[in-house]
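One structure below.
Values in this text are rule-based calculations from the coordinates and carry no lab data. All values derive from a computational prediction rather than experimental measurement. Please note: Cβ atoms are built from the backbone with ideal geometry, for glycine as well, and neighbour counts cover all protein chains shown.
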Amino acid sequence: MGEVYRDVGEEPVRLEMREGNEFKGICQAIVVNAKRGKHLAVPYGPVTKAESGKWKVESDALIGTLKKIAVENNCSFIRLSPFWPSDNSPKIEGAVPSPLHLLAEHIWYLDLKGASEESIFKNMRATHRNLIRRSEREGVEVIASNDPLNDINEFFRLYDETRKRHHFVPYPSELILSQVKRFSERNECTLYLAKYQGEVIASSVHMHFGGETSYHHGASSDKYPKIPASYALQWKAIKDALKRSDRMFNFWGISPPSANATGSKPEGAIKHPFAGVRTFKTGFGGELLELTHCRDIPISKKYYVTRAIETVRKWRRGF
């Protein structure tokens, strides 16, 4: 991923910590030249090997190095998005809750250990099972592209259509293209295409590494609204993950539990634009992992200008 960020003009910084020959910690940070404020972003890190009693000492060493790097690169703050369960979040000196999130903090995943196609299908929501069966009856064909760098254009065509339909801010095409290129070279990326009557009407990008398959990007057409091609796509990806003996299928982000499936706003809940995505992903069965919220470490007074801008942005978009 560091090379993916470099491809789009954001420089990666890689740190490792060793005690003698023993590996103790790792961290990848990205120098982000955002208009709202240049900063050092740490996606799902840092990660340390130390036991709880020594964690603070070793994490402080990593944080101290990150601060030096932030100053050297004229960054106004560090944004940490640590992969810690929300109910077990170590304290980081000087860190404050971020107005926004960097990466998904409510993750939906399917445990594949000891599972079979039959058991997973049985544990799906009944509606999902029916839609998968319907896609089969309607003749939807899902294939894994043999030439993802060429077929990615089909994905981008559908992605633009999906963006216009659902009014979301898309990932830059350069980033997605780099992801597919970099990970395909390592045989760690699959571009799926769902065809109906010979026409590609849905597509998705999945990564697979270290025993985990993860769903990164999806797109579909509304030309045939009664053809549930997106459900067939995910089911194909899950079955392929089982064939690889993967341990986990990661659907990534969903809306928090306080937002209901329709995105309406009952008393005490928030309106979340990903509520519909939640319904789609959770219907395949699985579990929720809630991570600790993103944290910022101010480096200069410029950070507070960025914080004000982002607070307004969060209020406007509803999450």
Could you run the Karplus curve 6.51 cos²θ - 1.76 cosθ + 1.60 with θ = phi - 60° over the range 73-90 and give me ³J(HN,Hα) per residue in whole Hz, x for Gly and Pro? 9, 6, 8, 8, 6, 10, 10, 9, 10, x, 8, 10, x, 4, 8, 8, 10, x
In a GNM of the chain with a 10 Å cut-off on Cα contacts, which of SER178, SER98, SER258 has the highest mean-square fluctuation? SER258
Computed over the chain: relative contact order in percent, which uses C-alpha pairs under 8 Å that are six or more apart: 25 percent
Once the Cα atoms of helix 52-72 and of the chain are each reduced to a long axis, what angle between those two axes, in degrees from 0 to 90 to the nearest 10, is obtained? 80 degrees
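Which value, in nm² and rounded to one decimal, describes the direction-averaged projected area of the C-alpha convex hull of the range 120-222? Provide the component values of the computation, followed by the final result.
Values: hull surface 30.4 nm².
Computed as one quarter of the Cα hull surface, the answer is 7.6 nm².
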Mind scanning LYS38/LYS67; LYS35/LYS164; LYS181/LYS239 and naming the pairs with a C-alpha gap bigger than 18 Å? LYS35/LYS164; LYS181/LYS239
Beyond 29 Å, how much of the Cα-Cα pair distribution for the chain remains, as a whole percent? 43 percent
Pick out, in residue order, every one of the chymotrypsin sites (Phe, Trp or Tyr not before Pro) in the range 140-175 that is DSSP loop and has at most 13 other C-beta atoms within 10 Å; say none if there are none. PHE168
Give me the dipole magnitude in Debye, nearest 20, for the range 3-132 about the Cα centre, with unit charges on the beta carbon: positive for Lys and Arg, negative for Asp and Glu. 320 debye
Do you know the relative contact order of the range 106-290, to the nearest whole percent, from alpha carbon pairs under 8 angstrom that are 6+ apart? 34 percent
Only Lys, Arg, Asp and Glu count, each charged at its Cβ (+1, +1, -1, -1), so figure out the dipole size of the chain about its Cα centre, rounded to 20 debye. 1020 debye
Can you compute 3J(HN,Hα) from phi for each residue in the range 282-294, using the Karplus curve 6.51 cos²θ - 1.76 cosθ + 1.60 with θ = phi - 60°, rounded to whole Hz and x for Gly and Pro? 5, x, 7, x, x, 9, 9, 10, 9, 9, 5, 5, 3
Most to least packed among 142-150, 83-91, 69-77, 129-137 [average Cβ atoms within 10 Å]: 69-77, 129-137, 142-150, 83-91
Kindly express, to the nearest 10 degrees and within the range 0 to 90, the angle between helix 148-166's C-alpha long axis and the longest C-alpha principal axis of the chain. 90 degrees
Relative to the longest principal axis of the chain, what angle (0 to 90°, nearest 10) does the C-alpha long axis of helix 302-317 take? 20 degrees
Relative contact order for the range 43-197, counting Cα pairs under 8 Å that sit 6 or more residues apart, in percent: 21 percent
For the range 213-223, just list the computed ³J(HN,Hα) in residue order, Karplus coefficients 6.51, -1.76 and 1.60, θ = phi - 60°, integers in Hz, with x standing in for Gly and Pro. 9, 10, 8, 9, 9, x, 7, 7, 9, 9, 5
How compact is the range 106-290 by the rule of thumb for globular proteins, expressed as Cα Rg over 2.2 N^0.38 Å? 1.00
Consider just the alpha-carbon atoms of the range 38-147 and return their Rg together with their Dmax, both in angstrom. 21.7, 60
